[in-house]
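The values are calculated or read from the model by the stated rules, or taken from the named source; none is laboratory data. On a predicted model such as this, the values are computed, not experimentally measured, just so you know. Here the Cβ positions follow ideal geometry from the backbone for every residue, glycine too, while neighbour counts run over all protein chains shown.
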Amino acid sequence: MSDGTGFLRELLVATAAGSVSAIGTDPAVLGIGTDPAVLGIGTDPAVRRAADLLPGRVKVAESPARARARFGGREAFGCIYTVAVPEFHTDPGEVAALVPLLAPDAALWVFDEAGPGEDIGALSMRVSTVLARGGFVIVDMLEHGSWVAVWAAAAGRDHG
């Protein structure tokens with residue numbers, strides 16, 4: 001199963017460059033493959049852009065709470081990505097509540113932008129700490145410009 005890494009790396013770079021519309025449209029190139037459904041969380045335009053690129057494959061929720069209300073117990077996602085969602089800075093409970101929405105071997109990607117004067121390394125560590133306290137293991141962290149992407153997987157699952 002593809003982990004969506006190619007797509008999400010491209011999303012990170014395009015978001016950081018301010019040109020999300022520059023992302024290609026071929027799902028194979030984007031790295032999504034034939035994974036189960038994808039869930040985007042957040043109100044940033046990049047969340048909607050992915051849904052536009054993969055009609056019917058990407059569902060969108062504005063917040064973790066809305067994602068749980070809409071899809072909890074009814075759907076499992078092969079990839080969940082979030083863009084600029086404040087809960088991932090402070091609330092391990094909100095993060096942990098996403099685990100039931102993940103299919104086995106699923107990836108959770110958290111994208112966020114450092115604010116003015118904020119250290120990107122400190123942002124990476126804050127997000128990683130919240131994810132770890134919410135029951136995730138960190139697979140990788142990427143930094144580009146003022147943007148960070150943290151790739152995580154639910155702890156206690158086999159991630160191949």
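Tallying residues that are at pLDDT below 85 and either of a type in the set (A, V, I, L, M, F, W, C) or in contact with a Leu (Cβ under 7 Å, 6 or more places away or on another chain) (or both) within the stretch 150-160 yields 1. Residues of the stretch 136-160 that are within 20 Å of residue 38 (Cα to Cα), of a type in the set (Gly, Ala, Ser) and outside any strand (DSSP E or B): 155, 160. Quick one: in the stretch 71-104, which of the residues that are β-branched (Val, Ile, Thr) and touching a Gly at 6+ places or on another chain (Cβ under 7 Å) is surrounded by the fewest Cβ atoms within 10 Å (Cβ to Cβ)? This residue is 99.
For the stretch 62-113, filtering for residues that are assigned to a loop (DSSP other than H, G, I, E, B) and in contact (Cβ under 8 Å) with a residue 12 or more places away in the chain leaves 11.
Restricted to the stretch 111-135, and to residues there that are under 14 Å from the mean Cα position of the chain (by Cα) and modelled with pLDDT under 90, the residue that is surrounded by the fewest Cβ atoms within 10 Å (Cβ to Cβ) is 113.
Please state which of the following conditions residue 84 fails to meet, knowing it meets all the rest: (1) among the hydrophobic types (A, V, I, L, M, F, W, C); (2) modelled with pLDDT under 75; (3) at positive phi. Against the list (1) among the hydrophobic types (A, V, I, L, M, F, W, C); (2) modelled with pLDDT under 75; (3) at positive phi, residue 84 comes up short only on (2).
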